[in-house]
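Engineer: Take this structure, written in structure tokens, and hold onto it; I'll ask about it next.
All of the numbers you see were taken from the coordinates with simple rules; none came from a lab. This one's a predicted model, so the numbers in the text were calculated from it and none came from an experiment. Methodologically, a virtual Cβ is constructed for each residue, glycine included, from the backbone with ideal geometry; neighbour enumeration extends over all protein chains shown.
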Amino acid sequence: MLYFLIGSYLLGSISSAIIICKICNLPDPRTQGSGNPGATNVLRIGGKKVAAFVLIFDGLKGAIPVMLAHYFGLNLFELTIILLSAFLGHVFPIYYGFKGGKGVATYLGGLIGLSFFVGLTFSIIWLIVAKVMKVSSIAALTATLLSPIYFYFITTHDVRATMVIFLINLFIYFTHRENIRRIMNGEEGVIGS
């Protein structure tokens, strides 16, 4: 278990946004737009294709350690702890002075690794809210807010595992505190702007 926790944190600490932007000769995402090394900010500075690569690789940082640990027989509670470790690696990366992204893509990837239907539910909620509200952060926050509920009912009704999912939920709201402030003030940018 300890090796999985360390490995998932170190994998989570790899910044897909910074590396992919460097490969594509784009500015460091920490110095452009929102300053966040994540797919939404890369979309602003590099376009859809580059952002899609960031989204996929950030998702894999959550999915790979969870799926690998599942293969070795770890239980659902242990798998959620491994997801938490990968998520914390993304948000507080050891390679970048503990200043990372907001963690939604890594969280989604981990949810897919835990249960395809949980990940699918997250994605559907995100898409519906994004279509209606036209604001990525509102879509992410809504899908995240509801995730402990549908996680609990779709999986094995594991209370301890659900509490870990709820803890990640709190972290995501913490990483989105500036987005929440802008939403409250009517200043948050819309998708495509």
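Engineer: Could you put I56, I18, I6 in order, starting from the residue whose Cβ has the fewest other Cβ atoms within 10 Å?
Structural biologist: In increasing order of surrounding Cβ atoms, one gets I6, I56, I18.
Engineer: Karplus couplings for segment 122-132 from phi (6.51 cos²θ - 1.76 cosθ + 1.60, θ = phi - 60°), rounded to Hz, Gly and Pro as x?
Structural biologist: Result, rounded to whole Hz: 4, 4, 5, 4, 4, 5, 5, 5, 5, 5, 7.
Engineer: Still on this structure: Normalised by the residues of segment 2-185, what does the relative contact order come to in percent, with Cα pairs under 8 Å and at least six apart?
Structural biologist: Working: 285 pairs, mean separation 39.6, N = 184.
That works out to 22 percent.
Engineer: Tabulate in residue order the Karplus-calculated ³J(HN,Hα) for segment 20-28, using 6.51 cos²θ - 1.76 cosθ + 1.60 with θ = phi - 60°, rounded to whole Hz; enter x for Gly and Pro.
Structural biologist: 5, 4, 5, 4, 8, 6, 9, x, 4
Engineer: For each pair in K61/K102; K22/K134; K49/K99; K61/K134; K48/K99; K22/K48, compute the distance between the two Cα atoms and list the pairs where it is over 19 Å.
Structural biologist: From K61/K102; K22/K134; K49/K99; K61/K134; K48/K99; K22/K48, over 19 Å: K22/K134; K49/K99; K61/K134; K48/K99.
Engineer: If you don't mind, another one. Could you give each residue of segment 86-94 its phi-based ³J(HN,Hα) in whole Hz, using Karplus coefficients 6.51, -1.76, 1.60 with θ = phi - 60°, and x for Gly or Pro?
Structural biologist: Each residue's phi maps through the Karplus curve to give 5, 4, 5, x, 5, 6, 10, x, 5 Hz.
Engineer: Compute the distance from the alpha-carbon center of segment 116-190 to that of segment 63-99, in whole Å.
Structural biologist: Centre-to-centre (Cα) distance: 18 Å.
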